[in-house]
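Shown next, in structure tokens, is the structure this report addresses.
The values are calculated or read from the model by the stated rules, or taken from the named source; none is laboratory data. Given the structure is predicted, the values throughout are model-derived calculations rather than measurements. Every residue, glycine as well, gets a Cβ built from its backbone with ideal geometry; the counts of neighbours run over all protein chains shown.
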Amino acid sequence: MLRTDDGLVLASTLRRPDRADPPGIILVHRYGSSQASWDAFAETLRQAGFMTIAFDLRGHGASRTGGDGRPLDYKSVQSGFGGWSSALADLRAAGAALVAAGANPKNLAVVGEELGASLALKHVLADPSMQAVVMLSPGLDLFGLNVEDDIRRLKDCPILIVTSENEAYSASSSATLKAAAPAYSEIQHYTGASLGTDLFAFHPNAMNQVVDWLRPIIDPKPR
């Protein structure tokens, strides 16, 4: 369980690789989903030597109790719990848990899908310890989180954008974000219209391609 600095308790899963001082990756799911969406990718990362933490964002999955003990769902987060910017506390808690569990604090990254991609970008701007960010199926303005101006402020943090060609909003948003990114950036297009981690089910090779992109950035000496 993760405890956030604004008083919530979040369900999470930490996966440890069989190596010391591993790079660490925060995995952030999309709106209406749960940490389970990352199971296959998290196992791929673990086998590749990365420590990961996936969690249920506030109001999702098993993270449905507010700081005052009242039930919390994802609709109430958006409308009356400080908006989705409040969920950046969830990412801060996950990053702290990674380091406490033994992840290398100099080799950290965050991967998010849809809403989670917006949160991931905002998190790396707030936390200079993050060395890379991957955005799956991003949107320019999702659930009150506008990220076009954010990506223009990105410095010294490589970014990978992954999208499906026929998922119209994500594909359009991805092109705009790629054009606006001042840091080292790359975009990977896949066929179909799958959203977020669903893309991995239709294109299993995409998981390894993301791993290959991350490895030289946060795992310069893989074992």
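Here are the numbers:
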quantity	calculated
Meets criteria (touching a Ser or Thr at 6+ places or on another chain (Cβ under 7 Å), touching a residue at least 24 places away in the same chain (Cβ under 8 Å), surrounded by fewer than 24 Cβ atoms within 10 Å (Cβ to Cβ) and among the small types (Gly, Ala, Ser)) for Gly61	yes
Lone qualifier among Leu160, Leu125, Leu142, Leu136 - being under 16 Å from the mean Cα position of the chain (by Cα), of a type in the set (A, V, I, L, M, F, W, C) and surrounded by fewer than 19 Cβ atoms within 10 Å (Cβ to Cβ)	Leu125
Residue identified as closer than 23 Å to Ala89 by Cα and in contact with a helix residue (DSSP H, G or I) (Cβ under 6 Å, 6 or more places away or on another chain) among Gly116, Gly112, Gly196	Gly112
Per-region count, the range 87-107, residues part of a helix (DSSP H, G or I) and among the basic types (Lys, Arg)	1
Enumeration of residues in the range 12-32 that are within 13 Å of the chain's Cα centre (by Cα) and over 18 Å from Met1 (Cα atoms)	Arg30, Tyr31
Pairs, first closer than 9 Å to Phe55 by Cα in the range 15-42, second among the charged types (D, E, K, R) and surrounded by 14 or more Cβ atoms within 10 Å (Cβ to Cβ), C-beta under 6 Å, six or more apart	Ser34/Asp56; Gln35/Asp56
Selection within the range 18-36 - surrounded by fewer than 22 Cβ atoms within 10 Å (Cβ to Cβ) and either closer than 15 Å to Val111 by Cα or touching a Phe, Trp or Tyr at 6+ places or on another chain (Cβ under 6 Å) (or both)	Tyr31, Ser34, Ala36
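Conditions tested, residue by residue: (1) closer than 29 Å to Arg19 by Cβ; (2) at pLDDT below 95.
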position	(1), (2)
Leu72	no, yes
Ser86	no, yes
Val99	yes, no
Gly102	yes, no
Asn107	yes, no
Val110	yes, no
Lys122	no, no
